[in-house]
Amino acid sequence: MFNFIRFSFSIALLFLLTACLNDDSGKSSSSLTYHPSVTENFEAVVVEGIASKGIISHARVVIYAADDGYGDTLALGVGHTNESGEYRIEIPFAYQGSIVAQIERDNSASGISTQMVCDSIEGCGASDSLAREYDLNGNGAIDFGERFPILDSFVIRGVNFTSGTREAITLHVTPLTHLVDLLTLSFGDSYSRQSILQADSHVADLFGLTKRLSSIQPVDLTNENAVQGLGVEQMRYNVFAAAFAGLATHRKELGGVIKKFSDLFISNGGQFPLVDESIAGVGFGSLLNVASSLAEFLEPRNDNFVQLSLLLKGELVDVRHRAKSSTLTDAVQSISLNLDALSKAKQFVSEMQDWQEFLTINEQRGVGFTERTTELKTFVDEAQLATSFLAAAKYTPVLAVMPLIASNEDAIEYFCNNMSGSLGYWCTELLANYNLEDLDCSSETNPICKMIADKLVVSVPTFEEGLSADYAVLNNTVHVYGFAYDQDIDLLFRLTDYDLNSKVAVTGEGEMFNNNTYFSILGKVGLGKSGDSGDFQGASEIVISVVDAADESFTISLRHGENAMAIVGFEAMSLSGHWADITVISNMDDWGDRSERVKIESAGKQLVLTHLKNEGSGFSAINQDGIAFSLNLTQMKDGEVGSIVLDEDILAVIVRENSNLYVEFNDGDRRDITALIL
């Protein structure tokens, strides 16, 4: 009897140890059921990553085995994120298969709340009853860069698989990896390696990314030091991950917004509505709009945000155009997921050769497609699009600041003289109770706005015959319409940024058209003081979606002034007859003649070629499969001039022989790629 009791006690103790192993969350042991591979002294492999939707600190992280088909039943390990959102958890090396990392609020008795950094430039709502430790500036709101506690309902997940080695497994978790997790399950193939790669490739294509999402490192966009060294790919990933916060008007809505967006994504087979006409009230255009605004806000912290901001604005205008004929995004997965590394490298070379008619990889021309961009530059110049936009925009900077600089008495007298009827009779008495600069009718939160905002509109004379301008005083907008520079113009401008001592900026959007072409416009004009002279200098950007009489469409994004550049997007057909979306980035001073970066997107794959400015004749390329290509043509002598790699494995070298260029693969296969540099 004693032996039976001792045996039963030993079994109970073993189960207790297994349940508590790795669980420092403070929850009861019954809160998690562990996978059978979790024994008392298991050999470990580390799973590590960062949790972010802003950075999430002191969160509970559970690593689940996904071999149950659901990824939320059997735990392999549990831990917490630190102040920077980082976690590091040991799981049994004996377990080989798919894993899920789940980020959730920690309800332990430690007294440290799970917090998130607000990375919405509009803030994360009122601080309500939160302690002053969250509302650092005491303004009653959770602002960009401040933290707030998350709710129990907030959960995001990421998915990956073990490698069979003892190297640490990287698994970052963001709203984008959460979409990968949900899409993987929707395929009905459980958590197979194949389904994970398919879902990851699909979501990467949706957001214009080339790398495995679980391996792209999240960063704190509110930390100026953290964004200094970021490239465009990592910026793009983080800006989209942060953009979900901008869709919520209050921090308490964030979990619901992510769930609503995720449900919409899955119900549409891994696509989003292009615009906000769905029952759920969200669309991909909304996310793009928030992401582009965030990228623009971050421009002073890293020049690469300028490129990203322009790229996203071009995509936003394109989405609005496509929404006229389509309802959903068109993301697809890569067609080469099942190939081995060497086969992927060979396909990469074949893809580049398929576009060799357009690619001209040399220091003089950049990386290619200059013939097409030259045609489009000529078209834009002849259509006088920038001139027309600036002509319409020039009235807004002056008019929009009038309520900010005029005395209340003078403004009331001027504006009320433009009113008629009973409203004109009561105008002076009504406005006497308000300062014009405090009236913000764009949000319609003030009761007086509903009464007079749409009535208080002043017609403004223009310098262009045929062009009219209406100034809505309380809405702070200027509607410019009519005919000028051979274009019909219909644009609405709004004051978006100002400091009367240093800068004024307005944005405008709408349309222009003539007999042959329709233009959808999104643009910005700014005036800023230069140096100590006190003189105001202008800078502008204009993003145009164009549809011509032949129904051919393209987008052009032009940034003048500081950090000037040009980005052109269009469709092209390869030598094998495949259509692709092409994006060409150039310096403003030689755009059309030279390209610095080209992205070719076709069949769910992206191929990005870049001229490395700091390396003379140095070039690089990467595609959706992670195949990377490097080439340095600085030296004219024969020999090795580049390589093709996957991760850190060299799959081929590139050699020069008698002015010809060849790729020599590890298996002895050889390809002539001389045409790419001619």
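Observations on the structure shown:
- Sole residue being at pLDDT below 95, of a type in the set (D, E, K, R), under 20 Å from PHE207 (Cβ atoms) and not in a strand (DSSP E or B), chosen from ASP625, ASP589: ASP625
- Taking segment 137-148 as the range and being open to solvent by 30 Å² or more (accessible area, probe 1.4 Å) and outside any loop (DSSP other than H, G, I, E, B) as the test, only ARG147 passes.
- Restricting attention to segment 495-515, the residues that are assigned to a strand (DSSP E or B), at pLDDT 85 or above and open to solvent by 40 Å² or more (accessible area, probe 1.4 Å) total 4.
- Scanning segment 477-494 for residues that are modelled with pLDDT under 90, under 23 Å from PHE379 (Cα atoms) and open to solvent by 20 Å² or more (accessible area, probe 1.4 Å) gives TYR485, ASP486.
- Single residue of segment 115-136 satisfying the filter (hydroxyl-bearing (Ser, Thr, Tyr) and surrounded by fewer than 23 Cβ atoms within 10 Å (Cβ to Cβ)) that is nearest to ASN225 (Cα to Cα): TYR134
- Index of the failed condition, ASP106 passing every other in (1) closer than 30 Å to ALA66 by Cβ; (2) open to solvent by 30 Å² or more (accessible area, probe 1.4 Å); (3) of a type outside the set (A, V, I, L, M, F, W, C): (2)
- Unmet criterion (only one of (1) at pLDDT below 80; (2) open to solvent by 10 Å² or more (accessible area, probe 1.4 Å); (3) among the hydrophobic types (A, V, I, L, M, F, W, C)) for LEU474: (2)
- Filter result (farther than 21 Å from ILE582 by Cβ, without any contact (Cβ under 8 Å) to a residue 60 or more places away in the chain and either open to solvent by 10 Å² or more (accessible area, probe 1.4 Å) or within 27 Å of the chain's Cα centre (by Cα) (or both)) within segment 617-641: SER630, ASN632, THR634, GLN635, MET636, LYS637, ASP638, GLY639, GLU640, VAL641
- Looking only at segment 209-242, and only at residues there that are in a helix (DSSP H, G or I) and open to solvent by 30 Å² or more (accessible area, probe 1.4 Å), the one that is nearest to VAL47 (Cα to Cα): SER215
- Qualifying residue in segment 619-639 (condition: under 23 Å from THR674 (Cα atoms) and of a type in the set (D, E, K, R)): yes
- Subset of segment 336-367 that is of a type in the set (A, V, I, L, M) and part of a loop (DSSP other than H, G, I, E, B) - its residue that is most open to solvent (accessible area, probe 1.4 Å): LEU339
- Single residue of segment 36-71 satisfying the filter (more than 20 Å from PHE161 (Cα to Cα) and open to solvent by 20 Å² or more (accessible area, probe 1.4 Å)) that is modelled with the highest pLDDT: HIS58
- Top-ranked residue in segment 150-164 [being in contact (Cβ under 8 Å) with a residue 40 or more places away in the chain and out of contact with any helix residue (DSSP H, G or I) (no Cβ under 8 Å at 6 or more places or on another chain); ranked as least open to solvent (accessible area, probe 1.4 Å)]: THR162
The values are calculated or read from the model by the stated rules, or taken from the named source; none is laboratory data. Remember, it's a predicted structure, so these values are computed and weren't measured experimentally. Because the Cβ atoms are built from the backbone with ideal geometry, glycine has one as well, and the counts that use them run over all protein chains shown. Accessible surface is based on the protein model in full, side chains and every heavy atom, while ligands, DNA and RNA are left aside. Shrake-Rupley method; radii C 1.70, N 1.55, O 1.52, S 1.80 Å.
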